[in-house]
Amino acid sequence: MAVDQARVAVVAGATGLVGQAVLAALSTADTRKAPPANAVGAVGSAIHVLYAKGRRAPALSHPRVQLHAVDFAALPALPPVDDVYITLGTTMAAAGSQSAFRAVDYDAVMATARAARAAGATRCGVVTAMGAHAQSRIFYNRVKGEVERDLQQLGFETLVIARPSLLMGERRALQQAHRPAESLSLRLFQWLNPILPANYRARPGADVARALVDAVQSGRPGLQVLSGQALQAG
C-alpha cells in the first residue's frame, strides 16, 4: 500500500476493524524520508488520531502518531492537515436509540470532516455502507446516505466513499463488544460469499482500509465510490 509521506493525516474511528487498519497503514509506511516527529514545521511527521473522551485510546504507540481525546459534539480546531480518514460508526443495538446512532454515524462524522476541511484538508476518505441512500426508508441506510450527500458539499478536492457489505475481522482482538446478530450474518455470508454478487460479499476490514487509503492517496479529483470488487485485496 503506497502512502504519501508528504501529507499529514487525521484519523477518526481508529479502534474499529477498518480504522485500525487505516492507522496501521499510515503509521508503518516507509518513513526514511520523513522529518523527525518533533521537527518544527515538519511536513508529513504526524498522524492525528481523534477518539472520544472517556473511551479507550487506540492501542498504538508510534512516534508519528498523536492521540487526541475529544468531544465530537464540540470539536476544537485541528492542526493543519491534508487528508482525513473517517471510519466512525456504531450499531443500533450498541447505540440504543436512533438519536444516539445518528450522533455517531452522522453528527460525529460531519463534525470531523468540517473540522478537517477548516484545517486545510483537501482529501477525505469515509466508510459508509452498502445500500446508503439519503431517501432510503431504512433508517440506517438513510443516515449513511445523508452523510454521503452532505460530505460532497464541503469542497474536498478528493472524496472517497467506501461502501462495504458486512466487515470480516476479529473484533475481540480490538476489545469491541460482541455482536451476536452480526456474527450470525457473517457466518451466513461467508458460506454464501462464493455465489453472491460482488457488492454483497463480506470483506475483511483490512481490505477495505487498503482500498480506502490507496484511493485517497491517489489524489484523483472528484468523488470515488468503492464497492464490490474495488474493496478486494489488491
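What to note about this one:
- Cα-based shape type of the range 75-150, given that a ≥ b ≥ c are square roots of the gyration tensor eigenvalues and the cut on a/c is 1.5: prolate
- 123, 137, 220, reordered so the largest accessible area comes first (probe 1.4 Å): 137, 220, 123
- Solvent exposure, largest accessible area first (probe 1.4 Å, DNA, RNA and ligands not counted), of 84, 225: 225, 84
The values are calculated or read from the model by the stated rules, or taken from the named source; none is laboratory data. Bear in mind that the values here come from a model prediction, so they are computed numbers and not experimental data. For accessibility, only protein heavy atoms count, side chains too; no ligands or nucleic acids. Shrake-Rupley method; radii C 1.70, N 1.55, O 1.52, S 1.80 Å.
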